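Here's the structure, in structure tokens; my notes come after.
FYI, it's all coordinate maths here, none of it is from the lab. Values in this document were obtained by computation on a predicted structure and should not be read as measured data. Please note: Cβ atoms are built from the backbone with ideal geometry, for glycine as well, and neighbour counts cover all protein chains shown.
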Amino acid sequence: MSAKMCLFYLGICKSIGVSNFMVCHLEQLKEDSSVVPHVNQVEYHPYQQPTTVLEYCNQEKIVFEGYCPLAKGQLLNDQTVLQIAEKHRRTPAQICIRWSLQKGVVTIPKSTKTERIRENCQVSFLRRETALSFLTAWASQLNHIQEKHIVRFPSISL
């Protein structure tokens with residue numbers, strides 16, 4: 001029994017999470033363990049959308065938590081994102097965060113600046129807006145190209 005499972009069974013931790021697990025890793029974990037992780041934290045943004053993992057997590061009731069919703073700042077200067085942000089009088093960061101939330105992803109943007117943290121929380125706009133549908137279509141094209149070149153290694157986290 002792993003240390004995480006011991007902590008879980010002893011009631012010391014309430015949930016177990018993993019990071020960057022793909023479907024094959026989650027399946028192997030399910031075979032080897034009686035506890036399925038509660039959360040899988042995976043990099044997720046319009047440039048990188050591991051949809052197979054997202055769908056699997058949804059099916060297995062594992063929370064899919066997306067980190068780096070701004071692609072480490074790369075999306076802040078993307079022309080498509082900038083156009084959508086300008087049209088809706090929002091920041092590029094708000095557009096990307098809203099997009100992730102609309103995809104059903106628990107999103108965790110990172111910032112040390114109080115103003116940006118506040119700004120990142122103000123994303124309750126464009127609930128069913130076509131602009132974000134356009135961003136999704138654009139992102140899907142990018143993801144199809146880039147998915148072939150991404151290699152991820154799993155790591156376990158508490």
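Using 0.36 nm per residue and subtracting the Cα-Cα separation, the extra length available between Thr51 and Lys14 on full extension is 10.6 nm. Residues in region 4-11 carry Karplus couplings, in order, of 4, 5, 4, 4, 5, 5, 7, x Hz; the curve used is 6.51 cos²θ - 1.76 cosθ + 1.60 with θ = phi - 60°, and Gly or Pro positions show x.
When only Cα pairs below 8 angstrom with a gap of at least 6 residues are kept, region 14-149 shows a relative contact order of 23 percent. Applying a DSSP loop filter and a limit of 10 other Cβ atoms within 10 Å to the trypsin sites (Lys or Arg not before Pro) in region 1-47 leaves Lys14.
Indicate the gyration tensor shape class of region 1-96 (rounded, prolate or oblate), computed on the Cα atoms with a ≥ b ≥ c the square roots of the eigenvalues: a/c under 1.5 is rounded; otherwise a/b larger than b/c is prolate and the rest oblate. In terms of gyration-tensor shape, prolate.
May I ask you to list the aspartates and glutamates whose Cα is less than 18 Å away from that of Lys4, ignoring any residue fewer than eight positions away on the same chain? Cross-link targets: Glu27, Glu31, Asp32. Only beta bridges with both residues in region 14-149 are counted; by DSSP, about 10 percent of them are antiparallel. The charge dipole of region 65-109, taken about its Cα centre with unit charges on the Cβ of Lys, Arg, Asp and Glu (plus for the first two, minus for the last two), comes to roughly 140 debye. Bridgeable aspartates and glutamates around Lys110 (alpha carbons under 14 Å apart, same-chain partners fewer than 8 residues away excluded): Glu43, Glu65, Glu119.
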